[in-house]
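Notes to accompany the following structure.
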Amino acid sequence: MDMTKRALSDEILMQVEKPARYIGNEVNMVKKNPADVEIRFAMCFPDVYEIGMSHLGMQILYDQFNRREDTYCERVYSPWPDLDRIMREKNIPLFTLETQSPVMDFDFLGITLQYEMCYTNILQILALSGIPIWAKDRGNGVPFVFGGGPCSYNPEPIADFFDAFYIGEGEVSYDKVFDVYQAAKRENLDREEILYRFSKIPGIYIPSMYEVSYKEDGTIRAFFPKREGVPEKIQKQLVMNLDEAPYPVKPLVPYIRATQDRVTLEIMRGCIRGCRFCQAGMIYRPTRLKSVEVLKQYARDMVKSSGYEEISLSSLSSSDYQCLKELTAFLIEELGEKEGVNLSLPSLRIDAFSLDVMQRVQDIRKSSLTFAPEAGTQRLRDVINKGLTEEEILNGAMQAFHGGWNKVKFYFMLGLPTETEEDAEGIPALCEKVAEAYDHIPKEERTGRVSITASASFFVPKPFTPFQWAAMLDGDTYSDRAHHVKDVFRKQPKAKSMKFHYHESYVSVLEGVFARGDRKIANVIYDAYKSGCIFDAWTEFFDYEKWLAAFAKNGVSMDFYTTRERPVEEVLPWDFIDIGVTKQFLASEWEKAKQGVVTPNCRESCSGCGAAKFGGGVCYDRKN
Amino acid sequence: MTVRIKYTKTGNFKFIGHLDLMRYFQKAVKRAGLDIAYSKGYSPHQMMSFAAPLALGVTSEGEYFDAQFNTLVSSDEFVRRLNAQMTEGVEVRDVILLPEKAKNSMSLVAASDYHVTPVQGFLEEEWDRLLRGAGKLLEQEQIEILRKTKKSEKVEDIRKGIYKLYADGNQLYMLLAAGSEYNLKPELVTEALCGFLSIPYNRAAYQVHRLETYMKNEEGALVSLLESGTKIQ
């Protein structure tokens, strides 16, 4: 087979920015002859190549699918607006990188949903592929469009664009999907029947097989399967033995620099902490670890097969990985000192151990400390169950200052439930205390002026968190609050050593609508796309006016989805998904939040969230 | 110990920019298990330097870089191990060991030669005129073109940078000055030739291919950069 085949001419490639985004043929790309396989799967990350290539989950599934001899999984990313324009002008169909063939020729188009602001890009992918945008308009022979990833935990706003969603970790059920598809193809079943068979596979949600009815106030009255045999609840799929799950030990290595351009070593899934705003902390429960021996082998193999000179650890909270000391010692001594591989550290809790590791792998003068207290006062940190105290922050900062650091970064959220003016003002107050702590460092130990950078984002309530019922602030109130915090920063004695940034409100408001939206949102997304919205996650392309117009045209109120606190009894759009963590647990956490009562982490004691039903992970670790 | 590596850059690799190509080789050397030397400090980098950057869209069979290794293998083994790590479009052709204190390839580069071929959307008739006109252009004492930079435009005489320019079968051959003293891009010469013959210039209509990169030997003759050293046995 000719691997130099290209979907785009030289002339087009020379016109567009970064042509290497579209030519494939990277190191470790899988090469197969499409004529030799029975299933062709186009896997898509609906954003630009450099972002998509940084995503570990897609590399995991790419590797796993291609281990099947009967399947060829290829990749697709969103064409940047410069190429998008040319493809529409010249009627060039969207193509995969591997064989440069049209997506329309494939059996499946799988789209990973990592953030809400990629939704219009999904429509771009479908339109450029020539696939009807609405699932109901697709006939036999059109690829089955699957969605997966974090946003599929509330797929409803985009449900009408997808044939199916896979709820949970991809490693578990895709083999079944492919086997069922093979059999159905042999039987010559039509599209509807194939979807019906998919609906019986654990974790597969077929939106067209369900009916939603609404009350007069716009909330959901009922949500139920239309056909006998279609499950009422979709069970989240979870890998229970991470050591045995496939892992891409020959990662794809892009030619152009990707956002994450290094070996990524996933050490753990899930998080024991239970921060009440965090969706990942709930949907990936229970916490599961990879064994340190397996990780050492992966690290060696991946460095060798990729040629990368940098390795980073991936997890939600690496400090909670129990063999972190052994692993970092290995990475520094065996790979760092002997092979010249740099260790890039994820945000670790600042303590003596992490400072020691940082000292060994980073240039202190250039690196900074990172704290994510999320809220400015202890009261509010208790509300969100963020187990980080002011004392811990000040102690960590002092140790670091003694060690030679002088740059500190803080991450906060504004608009958290129950937040008061005092909580907001607690942000500059906390930063001021840390800045003042630097004064206690003897002059001869100082390496320069202390510099503190704090940034605040706008809290967005997410499904399957204790805050899924919470009201989000309206955009103006958030902006006023952020301005006020900025003013208070200016009045601090150490104002000259501190910087405060905050995110604009508009994108977060939309994110808030999509995160907890229902099927009524699909038309809004469609109209916004039709009016030119695309790459909404990119500030330079985001056009809020167009979005406002799309909401107005469909008579959909954003406030209904954002600023409205839901009663606990309300049927939520994502209630049909069972993540193991029960609604009762989330509701009790919501109640405890309002009272400012903290919940211990999973290693301190079990709070009975429901995830133990998966039969593994931290729920069954013997306490030590 | 410094070695010089000659390689090709063809096919889709013409869309990979110079910096990305450097990073590609850094990883390939690691995958090949070759004992590359690193600089000291917190962010050590491989001791590698490239001869003459190639513009995006240009292919080549005469590219070079120098690299320092702590231990060596034979030239044949270098070539074999590196080629086992290459993706389609790059092929390592030769590896030589440089004597101590040898100048690096970047500072040695004096000239490069190219073939220019018509690709698409270009009339055959015009191409023939272009081939026939090459000699006439070279007879001019001055060849003035407008050179545009980000800030300014200035008229420049590029005649001194053109050593040879003629029709080679159906291709246009040119030998041009390259390197730090004076560097002339083949696209500029093609553009100048088009202008001279009143043919509209369209960059996408030509494929430029670099044949070789040269240095000057002691007698001042242009020779291959491989002349600096010897094969490792």
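The values are calculated or read from the model by the stated rules, or taken from the named source; none is laboratory data. Because the structure is predicted, anything quoted here is derived from the model rather than measured. Backbone-built Cβ (ideal geometry, glycine too); neighbour counts: all protein chains shown.
Overview of values
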| quantity | calculated |
| --- | --- |
| Residues located in the stretch A:281-300, provided they are closer than 26 Å to A:Phe585 by Cβ and assigned to a helix (DSSP H, G or I) | A:Gly281, A:Met282, A:Ile283 |
| Hits in the stretch A:12-21 - residues which are more than 7 Å from chain B (Cβ to nearest Cβ), in a helix (DSSP H, G or I) and crowded, with 19+ Cβ neighbours inside 10 Å | A:Ile12, A:Arg21 |
| Filtered residue count, the stretch A:442-458, keeping only those that are over 30 Å from A:Asp474 (Cα atoms) and part of a strand (DSSP E or B) | 1 |
| Flag if A:Phe144 is of a type in the set (Phe, Trp, Tyr), in contact with a Leu (Cβ under 9 Å, 6 or more places away or on another chain) and within 19 Å of A:Ala42 (Cα to Cα) | yes |
| Residue in the stretch A:301-314 that is without any contact (Cβ under 8 Å) to a residue 40 or more places away in the chain, away from chain B (no Cβ under 14 Å), surrounded by fewer than 16 Cβ atoms within 10 Å (Cβ to Cβ) and not in a loop (DSSP other than H, G, I, E, B) present | no |
| Residues of the stretch B:1-48 satisfying the condition of being more than 24 Å from A:Ser344 (Cβ to Cβ) and basic (Lys, Arg) | B:Arg4, B:Lys6, B:Lys9, B:Lys14 |
| Exclusive hit being within 14 Å of chain B (Cβ to nearest Cβ) and either in a loop (DSSP other than H, G, I, E, B) or in contact (Cβ under 8 Å) with a residue 40 or more places away in the chain (or both), set A:Ile350, A:Ile364 | A:Ile364 |
| Helices (runs of 4 or more DSSP H) contained entirely in the stretch A:24-119, each with at least 3 residues that are under 21 Å from A:Leu252 (Cα atoms) | A:49-52, A:56-67 |
| The stretch A:22-39, subset of a type in the set (D, E, K, R) and more than 26 Å from the chain's Cα centre (by Cα), residue surrounded by the fewest Cβ atoms within 10 Å (Cβ to Cβ) | A:Asp36 |
| Test for B:Gly33: is it within 23 Å of the chain's Cα centre (by Cα) and within 12 Å of chain A (Cβ to nearest Cβ) | no |
| Number of positions in the stretch B:60-93 that are buried (at least 21 other Cβ atoms within 10 Å of the Cβ), within 14 Å of chain A (Cβ to nearest Cβ) and among the β-branched types (Val, Ile, Thr) | 1 |
| Tally of residues being in contact (Cβ under 8 Å) with a residue 60 or more places away in the chain, of a type in the set (A, V, I, L, M, F, W, C) and outside any helix (DSSP H, G or I) across the stretch B:74-98 | 6 |
| Count of the stretch A:232-248 residues which are buried (at least 17 other Cβ atoms within 10 Å of the Cβ) and without any contact (Cβ under 8 Å) to a residue 60 or more places away in the chain | 1 |
| Test: A:Thr447 is more than 14 Å from chain B (Cβ to nearest Cβ), at pLDDT 95 or above and either out of contact with any strand residue (DSSP E or B) (no Cβ under 8 Å at 6 or more places or on another chain) or surrounded by fewer than 16 Cβ atoms within 10 Å (Cβ to Cβ) (or both) | no |
| Number of the exception - A:Glu374 against (1) surrounded by fewer than 17 Cβ atoms within 10 Å (Cβ to Cβ); (2) in contact (Cβ under 8 Å) with a residue 24 or more places away in the chain; (3) outside the structural domain of A:Gln297 (by TED's automatic domain parsing) | (1) |
| A:Tyr49, sole failed condition from (1) more than 13 Å from chain B (Cβ to nearest Cβ); (2) under 15 Å from A:Pro79 (Cα atoms); (3) aromatic (Phe, Trp, Tyr) | (1) |
| Which numbered condition B:Phe25 fails, given (1) within 18 Å of the chain's Cα centre (by Cα); (2) at the interface with chain A (Cβ under 10 Å from one of its Cβ atoms); (3) assigned to a loop (DSSP other than H, G, I, E, B); (4) of a type outside the set (Val, Ile, Thr) | (3) |
| Residues located in the stretch A:267-299, provided they are within 20 Å of the chain's Cα centre (by Cα) and over 14 Å from A:Asp320 (Cβ atoms) | A:Arg276, A:Phe277, A:Gln279, A:Met282, A:Ile283 |
